[in-house]
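Report on the structure given below.
The values are calculated or read from the model by the stated rules, or taken from the named source; none is laboratory data. From a predicted model like this one, the values you see are computed outputs, not experimental measurements. Positions of Cβ are backbone-derived with ideal geometry, glycine not excepted, and every protein chain shown enters the neighbour counts. Quick note on the areas: whole protein, heavy atoms, side chains included, nothing else; ligands and nucleic acids left out. Shrake-Rupley method; radii C 1.70, N 1.55, O 1.52, S 1.80 Å.
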Amino acid sequence: MNHTLDLLDQLRQRNISLWLDNGRLRYRAPKDALSPELLTALKTHKAEVIAFLQKATTHHKNLHPPIQVIDRQQKLPLSFAQQRLWFLQKLEPDSISNNMPVALHFEGQLNIGVLKQSVFEVVRRHEVLRTRFPAVKNQPTAVVEQQIEIELPIVDLRCFPSHERTFEAHRQATEAARQPFDLETGPIFHLKLFWIEDSEFLLIWNMHSIICDDASSDVVYQDLTTTYQAMVAGSALPLSTIPVQYIDFAHWQREWLQGDVLETQLSYWKQTLAGHLPSIQLPFDHPKPSGKQSYRGDRASHIFSPQLQQALIELSQKSDTTLFMTLLSAFEILLYRYSMQEDLLINVASTGRGNVETEGLLGFFSNTLPLRADLSGKPTFREVLRRVKQSALQAFTHQDIPFERIVEELQPEQRQSQSSLFQIKFALNPPWSKDRGMAAVHLPGLSIKPLPDHIYHNKTKYDITLVMREQDEGLGMFFDYNAELFETDTMARMVEHFQTLLEGIISNPDQYISKLPLLTATEQEKFQQHLHAP
């Protein structure tokens with residue numbers, strides 16, 4: 001048993017996921033994470049690992065009863081997160097801050113008819129895409145349509161000069177991503193296909209967060225490309241039947257999250273968020289608006305080198321932590337160096353898919369966990385990493401309660417500082433690989449790949465959101481930021497400072513966080529010149 005636990009711990013440190021599929025052992029691993037030695041050990045101890053996972057799965061099911069299919073003739077519920085999004089949209093019906101656009105680039109011989117059939121199959125497969133949310137006595141309800149008409153408008157841009165077509169496609173796709181949704185009448189997704197060249201297309205698939213989250217975007221992409229590939233080949237559709245739908249999850253959540261379960265979850269968050277919630281004093285270029293905000297956003301993106309990405313992964317493995325914990329620790333230190341505040345509050349993204357039945361579902365499962373950062377006592381990076389690991393493990397143990405309930409349960413004296421709950425967010429998205437996520441798909445005569453950073457609706461809910469992802473070309477990152485508060489140059493410098501900080505952490509993880517490098521070489525030179533100026 002000890003050998004099995006050691007093996008599982010090594011796999012966990014490398015972000016390798018294991019699960020059982022009808023009694024068969026399956027795994028998912030980042031690129032190059034599963035070494036030949038580990039693979040051999042996994043095969044050698046396969047029976048012990050399966051037995052351990054079966055026992056763990058049984059324990060999980062006792063804590064989380066299985067999701068059951070409910071009668072569609074009864075009043076259909078919304079999840080807690082859906083309910084909050086519905087009321088927010090009701091207050092601001094023209095808001096697009098919860099839009100979730102997915103942009104796909106096609107190069108080669110695209111069969112438009114098969115593409116539309118594939119979209120139809122995805123919509124048929126996922127009930128939530130056929131759901132609308134009308135009001136009944138000012139309260140939201142869910143109505144599932146058996147079938148909806150799917151429109152795929154085609155915009156032919158080949159009449160434009162060749163050097164303008166890609167720009168025009170991105171411009172119009174961005175406009176499409178900024179179209180608001182009517183949650184009551186539906187549909188709550190829009191499609192548009194841009195014909196750029198004879199063998200080049202751009203598809204924008206825009207959805208509202210009430211039916212989609214980041215992981216769901218991956219599901220849409222996987223189901224769409226898998227279905228398209230099968231239809232082009234004339235093969236049977238390889239996707240298995242979904243046993244439950246999002247409506248069933250919403251009902252399960254409301255039935256399960258009450259009584260002792262609810263109180264146990266709430267008590268942890270009440271303790272964690274007790275007292276005054278810190279508001280981080282960042283280098284704002286403009287004061288926060290006192291009235292209604294427009295939430296106008298912008299994005300600063302960058303890709304760190306594969307060498308830096310690998311060095312961060314190795315540091316995480318040697319420190320018995322995950323890459324998520326290492327990057328979150330570095331982000332906390334960046335904010336500390338800007339604000340010189342030792343008590344920070346950073347929201348982190350949780351997939352919210354604790355039930356095995358939700359793995360391939362579309363819907364808004366994503367949850368937000370407010371983590372309290374403690375940077376007191378002149379710690380080194382390793383000490384901060386140890387604290388982050390502890391707080392993250394505790395938070396994810398209590399991740400089942402929706403963020404909306406946490407906000408509701410805060411005491412009245414804390415409500416004045418609740419704006420700090422919506423100030424900073426961090427997320428490490430799953431790596432792109434051929435087995436998971438939005439990796440490039442190559443079919444005979446056609447390649448399909450996502451364009452995550454080109455289409456952006458220019459809205460943000462937070463002052464700063466840092467999103468990172470492992471990629472073949474390096475560690476991708478972008479800062480989504482409130483453009484009413486920050487100028488472009490300020491965020492560009494923040495990206496540079498973050499890179500300098502990460503490189504300094506790799507060079508000396510035992511350095512005090514107050515001594516880790518932050519300024520770029522050019523900034524250091526200017527600083528030295530200023531010090532020695534007469």
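Can you tell me how many residues in segment 189-203 are among the aliphatic types (A, V, I, L, M) and either modelled with pLDDT under 95 or open to solvent by 10 Å² or more (accessible area, probe 1.4 Å) (or both)? Of the residues in that region, 1 qualify.
Figure legend. Inter-residue proximity from segment 224-248: first residues free of Cβ contacts under 8 Å to residues at least 12 places away in the same chain, second residues not β-branched (Val, Ile, Thr), beta-carbon distance below 6 Å, spacing 6+ or different chains. Indicated pairs: ALA230/LEU237; ALA230/PRO238.
Cβ-Cβ distances below 7 Å connect the following pairs, each with a first residue in segment 82-99 that is within 12 Å of LYS461 (Cβ to Cβ), a second residue that is open to solvent by 70 Å² or more (accessible area, probe 1.4 Å) and not in a helix (DSSP H, G or I), and a separation of six or more residues or different chains: ILE96/ARG178; SER97/TYR295; SER97/LYS461. Residues that are at pLDDT below 95 and either in a loop (DSSP other than H, G, I, E, B) or β-branched (Val, Ile, Thr) (or both) are absent from segment 116-135.
Looking for whichever is within 20 Å of ASN355 (Cα to Cα) and open to solvent by 50 Å² or more (accessible area, probe 1.4 Å) here; the options are GLN258, GLN310, GLN271, GLN245. Which one fits? Talk me through it step by step, then tell me what you get.
On the way: GLN310 fails: within 20 Å of ASN355 (Cα to Cα); GLN271 fails: within 20 Å of ASN355 (Cα to Cα); GLN245 fails: open to solvent by 50 Å² or more (accessible area, probe 1.4 Å).
Within the list GLN258, GLN310, GLN271, GLN245, the selection yields GLN258.
In the condition set (1) closer than 17 Å to ASP218 by Cβ; (2) modelled with pLDDT under 85, ARG469 is compliant with all but (2).
In segment 504-532, of all residues being part of a helix (DSSP H, G or I) and of a type in the set (Val, Ile, Thr), the one that is farthest from LEU475 (Cα to Cα) corresponds to THR522. A search for C-beta distances below 8 Å between a residue of segment 101-125 that is within 24 Å of PRO187 (Cα to Cα) and any residue that is modelled with pLDDT under 95 and basic (Lys, Arg), counting only pairs 6+ apart in sequence or on different chains, returns LEU104/LYS449; HIS105/LYS449. Scanning segment 157-181 for residues being open to solvent by 40 Å² or more (accessible area, probe 1.4 Å) and more than 23 Å from TYR295 (Cβ to Cβ) gives a total of 9. Looking only at residues of segment 136-173 that are more than 31 Å from the chain's Cα centre (by Cα) and not in a loop (DSSP other than H, G, I, E, B), we find that the one that is nearest to ASN111 (Cα to Cα) is ASP156. Filtering segment 99-115 to residues that are aliphatic (A, V, I, L, M) and modelled with pLDDT of 95 or more leaves LEU110, ILE112, VAL114, LEU115. Contact map, segment 27-47: first residue within 19 Å of LEU475 (Cα to Cα), second residue in a helix (DSSP H, G or I) and modelled with pLDDT under 80, Cβ cut-off under 6 Å, separation 6 or more or different chains; the map is empty.
Scanning segment 322-334 for residues that are open to solvent by 20 Å² or more (accessible area, probe 1.4 Å) and over 30 Å from ILE67 (Cβ atoms) returns no hits.
A quick yes/no check of all residues on (1) surrounded by fewer than 18 Cβ atoms within 10 Å (Cβ to Cβ); (2) closer than 28 Å to THR225 by Cα:
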{"position": "PRO444", "(1), (2)": "yes, yes"}
{"position": "ASN458", "(1), (2)": "yes, yes"}
{"position": "ASP463", "(1), (2)": "no, no"}
{"position": "LEU466", "(1), (2)": "no, no"}
{"position": "GLU470", "(1), (2)": "no, yes"}
{"position": "GLU473", "(1), (2)": "yes, yes"}
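Of the residues making up segment 141-150, those that are open to solvent by less than 50 Å² (accessible area, probe 1.4 Å) and more than 20 Å from TYR221 (Cβ to Cβ) are THR141, ALA142, VAL143, VAL144, ILE148. Against the numbered list (1) over 19 Å from THR520 (Cα atoms); (2) out of contact with any strand residue (DSSP E or B) (no Cβ under 7 Å at 6 or more places or on another chain), PHE498 comes up short only at (1). Does LEU501 satisfy the condition of being part of a helix (DSSP H, G or I) and among the aliphatic types (A, V, I, L, M)? Judged against the criteria, LEU501 is a match. For segment 335-350, the criterion of being touching a residue at least 60 places away in the same chain (Cβ under 8 Å), open to solvent by 10 Å² or more (accessible area, probe 1.4 Å) and within 16 Å of the chain's Cα centre (by Cα) is met by at least one residue.
Identify the residue in segment 420-440 that is over 23 Å from PRO370 (Cα atoms) and small (Gly, Ala, Ser) and, among all such residues, is modelled with the lowest pLDDT. Restricting to residues being over 23 Å from PRO370 (Cα atoms) and small (Gly, Ala, Ser), the top hit is SER433. Across segment 358-369, the qualifying residues are those that are of a type outside the set (Gly, Ala, Ser) and buried (at least 19 other Cβ atoms within 10 Å of the Cβ), and the one among them that is farthest from VAL69 (Cα to Cα) is LEU369.
Screening ARG353, ARG372 for residues that are open to solvent by 20 Å² or more (accessible area, probe 1.4 Å) and under 25 Å from SER17 (Cα atoms) leaves exactly one candidate, ARG353.
Note on segment 265-295: residues that are of a type in the set (Val, Ile, Thr) and either without any contact (Cβ under 8 Å) to a residue 24 or more places away in the chain or more than 25 Å from ALA373 (Cα to Cα) (or both) amount to 0.
Residue-wise test of (1) in contact with a Phe, Trp or Tyr (Cβ under 8 Å, 6 or more places away or on another chain); (2) of a type outside the set (S, T, N, Q); (3) open to solvent by less than 30 Å² (accessible area, probe 1.4 Å).
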site	(1), (2), (3)
ILE211	yes, yes, yes
ASP214	no, yes, no
ALA230	no, yes, yes
GLY234	no, yes, no
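Tell me, which residue of segment 94-140 that is among the acidic types (Asp, Glu) and touching a strand residue (DSSP E or B) at 6+ places or on another chain (Cβ under 6 Å) is surrounded by the most Cβ atoms within 10 Å (Cβ to Cβ)? Spell out the reasoning first.
Quick first cut of segment 94-140, residues among the acidic types (Asp, Glu) only: 94, 107, 121, 127.
Checking which are touching a strand residue (DSSP E or B) at 6+ places or on another chain (Cβ under 6 Å) leaves us with 107, 127.
Values: GLU107: 15, GLU127: 23.
Per the stated criteria, the residue is GLU127.
Quick check on my filter: what residues within segment 33-49 are among the β-branched types (Val, Ile, Thr) and either within 32 Å of the chain's Cα centre (by Cα) or at positive phi (or both)? Step through it out loud before you land on a result.
To start, the set of residues in segment 33-49 that are among the β-branched types (Val, Ile, Thr) comprises 40, 44, 49.
Residue satisfying the conditions is VAL49 alone.
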